Structure formats: C-alpha cells, structure tokens
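Remarks on the structure that follows.
The values are calculated or read from the model by the stated rules, or taken from the named source; none is laboratory data. On a predicted model such as this, the values are computed, not experimentally measured, just so you know. Don't worry about glycine lacking a Cβ; one is built from the backbone with ideal geometry, like all the others, and counts go over all protein chains shown. Side chains are part of the model used for accessible areas, which takes the heavy atoms of the whole protein and leaves out ligands, DNA and RNA. Shrake-Rupley method; radii C 1.70, N 1.55, O 1.52, S 1.80 Å.
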Amino acid sequence: MNQIKITVDAIRAMKSRGEKIAALTAYDFPMTKLLDEAGIPFIHVGDSLGMVVLGYPDTTHVTMADMEHHMRAAARAQPKALLGADMPYRSYETPADAVKNARRLVAAGAEFVKAEGGRGILEQVRAIVSAGIPFCGHLGMLPQHVVEEGGYHVKGKKEPEHQALLDDAQALADAGAFAIVLELVTPPVANELTKALPIPTIGIGSGPDCDGQILVTSDLIGMFPWFTPRFVKPQVNCAPEIKAAVAAWKNSLG
Ligand code: KIV
C-alpha cells in the first residue's frame with residue numbers, strides 16, 4: 001500500500017487532475033483509522049461532533065477544549081489522510097484569537113483548520129495563513145449561525161446571496177485558503193464557484209459538481225437515526241444493527 005502522507009498540496013492537485021475529493025468527518029481514534037484504511041484522503045474533526053457525539057442541539061455549544069480532546073484522539077490514528085479540525089463558535093472573533101486557537105488545534109494534531117465565513121473573517125484568515133497554518137473556508141449555510149438564521153436554509157437562490165458567495169469565495173481564495181466547503185449552496189451556484197475558483201470546493205448538500213464531497217460520517221452510516229439530512233443516502237444502517245446485536249446478546253444471557 002502507498003503510505004505517502006496526503007498534504008494540502010495533494011488535495012489541491014486532485015482538483016487539477018479532476019479527481020473527486022472524498023471527505024468525511026471523524027471524532028475519535030477508531031473512526032479516523034477506519035476511514036483512513038478505506039482510502040479517504042480528507043478527514044475532518046468537525047464541530048458537528050456537538051450534535052452527533054455530544055448531544056447538543058447545534059454546534060454553538062462546542063468549546064475549544066471539546067475540539068482539542070477529539071482532535072487528539074483522531075490524531076492518534078496517525079492517518080495518511082489530511083486531518084483537520086473546525087475552529088469552534090466564537091474561537092476566531094479577532095485575528096489574535098484566531099491564531100492562538102488555530103495553534104492550539106495544530107498542537108492537538110490538526111494539519112489544517114476550518115472556520116465559517118467569508119469577507120467578514122478575512123483578517124482572521126490572513127492571520128492564520130501568515131502563521132503558516134493551512135486554512136479551509138466554509139461558505140453557504142453556516143451552522144454556527146443557525147440560531148440567528150432560524151434554521152438550515154439553502155444559500156444562493158437570490159441574486160444578492162449569489163453575488164455574496166462569489167465575492168466571499170474569491171476573497172477566501174485570495175487570502176490563501178487551500179479549499180472551501182460549500183454547505184447547502186444551490187447546485188448551479190456551487191457549479192459556478194467550482195469552475196471559477198483555483199482551489200477545490202468541497203460540497204455538502206450542494207449538488208454533484210463540486211470538486212469533492214464531505215459528509216458527517218454518522219449520517220452516511222446511519223449512526224444518528226434521530227435526524228438524517230435530506231441530501232444524505234445512508235450506505236448502511238448501523239443503529240438498528242447495533243440494537244439488534246445488543247438485544248441478541250441480552251437474550252443469550254437467558
Ligand atoms: O462540522 C462539520 O462536520 C463540518 C463538515 C460536515 C463540513 O463542518
């Protein structure tokens with residue numbers, strides 16, 4: 001097996017070759033190891049862990065300490081995959097905070113950090129990139145803003161939103177982001193951004209035309225049956241399998 005470590009440059013090169021980037025989330029050692037062994041090149045310790053692991057209603061409750069704890073667990077798998085982490089809610093309010101907290105995530109094992117927003121966080125992005133830390137953008141529906149936005153809404157349908165996405169994406173690319181996650185962006189706008197940008201777009205609920213796709217692994221494998229986003233088709237339903245296995249073992253006790 002080819003054990004060459006996947007870098008940010010390798011992910012960018014996949015766009016140039018037209019090779020789709022498969023990206024998934026992991027929050028601990030075993031899942032990171034399993035995804036890596038399955039050949040996933042981009043593994044992300046997302047703050048979605050707030051919902052699918054920690055039981056919070058949204059990502060705004062996730063702290064730096066939560067992210068560091070899960071980042072360290074994932075990093076112990078020493079994946080060949082590029083391994084990154086989300087900067088949690090309010091951890092990048094100023095450029096100084098952004099660099100300080102991005103460094104904490106790097107110390108915990110992150111090879112890149114991701115934060116939500118475009119031109120509004122450009123100074124923070126520039127500061128992170130200047131500190132030598134690879135940065136992944138996140139545009140479209142921004143889960144850390146779910147409370148003020150009153151839900152998870154598709155972005156790019158209206159012309160001002162379309163133009164804002166184009167301007168934000170270009171600004172992030174100019175500031176040195178190596179990739180941009182597009183969440184719940186209308187497929188035509190995601191397609192347009194993918195064609196316009198020199199860096200990879202990684203879509204989630206944004207249609208098939210992005211350079212890559214990312215999913216929350218718990219959704220993909222049916223591990224969080226209480227809510228599945230409409231754009232995810234689980235490949236396996238782990239939750240009923242676990243319940244059946246546990247019930248069978250219980251019954252075997254007599
Ligand atoms: O929090 C997360 O897991 C994410 C990805 C799904 C993009 O941001």
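Checking every one of the trypsin sites (Lys or Arg not before Pro) in the stretch 133-239 against DSSP loop status and a limit of 12 other Cβ atoms within 10 Å picks out K157, K158, R230.
Ignoring ligands, DNA and RNA, what percent of the 1.4 Å accessible area of the chain is carbon and sulfur?
Values: 6990 of 12040 Å².
Using a 1.4 Å probe with all protein chains present, the chain comes out at 58 percent carbon and sulfur.
Pair-distance distribution P(r) for the chain, from all Cα-Cα distances in 5 Å bins starting at 0: 1, 6, 13, 18, 20, 18, 12, 5, 2, 2, 1, 1, 0, 0 percent.
What accessible area per residue comes out for the stretch 8-252, rounded to a whole number of Å², with a 1.4 Å probe? It would help to have the intermediate numbers written out before the result.
On the way: 11130 Å² over 245 residues.
That works out to 45 Å² for each residue.
All other residues whose Cβ lies under 11 angstrom from that of G140 are scored, Lys and Arg at +1 and Asp and Glu at -1, for a net of -3. Compactness of the stretch 143-254 is given as radius of gyration and Dmax, 18.8, 65 Å, from Cα positions.
Using the Cβ of A196 as centre and a radius below 14 Å, the other residues enclosed give a net charge of -4, where K and R count +1 and D and E count -1.
Highest average first, the peptides 234-240, 169-175, 33-39, 247-253 ordered by how many other beta carbon atoms sit within 10 Å of their residues are 169-175, 33-39, 234-240, 247-253.
Angle of helix 8-17 to the longest C-alpha principal axis of the chain, folded into 0 to 90 degrees and rounded to 10: 80°. A Cβ-based charge dipole, computed about the Cα centre of the chain with Lys and Arg at +1 and Asp and Glu at -1, lands at about 620 debye.
Taking 8 Å as the Cα distance limit and 6 or more residues as the minimum spacing, I'd like the relative contact order of the stretch 8-252 as a percentage.
Numbers: 480 pairs, mean separation 40.1, N = 245.
In percent, rounded to a whole number, it is 16.
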